[in-house]
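First up is the structure itself, then whatever we jot down about it.
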Amino acid sequence: MIKKDILKVVFNLFCGITTALILFLGIQGAFFVRDFSFNGWDLIKLLSVSLASTLPTLLILGRESTPRGKWVFLLAVHFVLTAGAVFGLLMIYEWINAATALYTILMFLGIYVMAYIALEIRARRLARMLNEKINAFHEAENEARDD
């Protein structure tokens, strides 16, 4: 992956995470916390959490062709770095406490697993499409030789 594509993926990921956080806070404020308030500093905190959860992605982007064992190791390191950054900031900002930490960790793990599954499905679909094109090319090439 070239640097321009990597930066585009990181930016899109940042935007998606920011949107998900705003949606999560909106749901929390609308249904669970009646005296919910949000100010300008909270918005900056939200953006810093989004950035902190996006930056570890640079560790794995562009390394899709690594061996399976190393890839699993990189994903584990990525998860630990991302979780550490996010939960560290959430604790510093006092957005979570010990009572809500388990719920937040389980939700984070669920989102991480779902995102990985979505990426794996996308990669397999792309590989299947490329293989179909390669096979069609070879069939056309073989037919041209036979004629």
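Would you be able to say whether some residue in the stretch 68-87 is under 19 Å from K3 (Cβ atoms) and in contact (Cβ under 8 Å) with a residue 60 or more places away in the chain? The answer is no; no qualifying residue exists.
Residues in the stretch 24-46 that are of a type in the set (A, V, I, L, M) and under 21 Å from I92 (Cα atoms): L25, V33, L43, I44, L46. The set of residues from the stretch 53-67 being in contact (Cβ under 8 Å) with a residue 24 or more places away in the chain, more than 27 Å from L43 (Cβ to Cβ) and among the small types (G, A, S) comprises just one member, G62.
The residues on offer are G84, G40, G26, and the sole one that is more than 12 Å from the chain's Cα centre (by Cα), outside the structural domain of Y116 (by TED's automatic domain parsing) and over 21 Å from Y103 (Cα atoms) is G40. Y116 falls short on exactly one of the conditions (1) free of Cβ contacts under 8 Å to residues at least 40 places away in the same chain; (2) aromatic (F, W, Y); (3) outside the structural domain of L7 (by TED's automatic domain parsing), and that condition is (1). Take the conditions among the hydrophobic types (A, V, I, L, M, F, W, C) and loosely packed, with under 12 Cβ neighbours inside 10 Å and apply them to A83. Does it pass? When the stated conditions are applied, A83 does not pass them.
The values are calculated or read from the model by the stated rules, or taken from the named source; none is laboratory data. Note that the structure is a prediction, hence the values are computed from the model and not measured. Cβ sites come from the backbone with ideal geometry, for glycine too, and all protein chains shown count toward neighbours.
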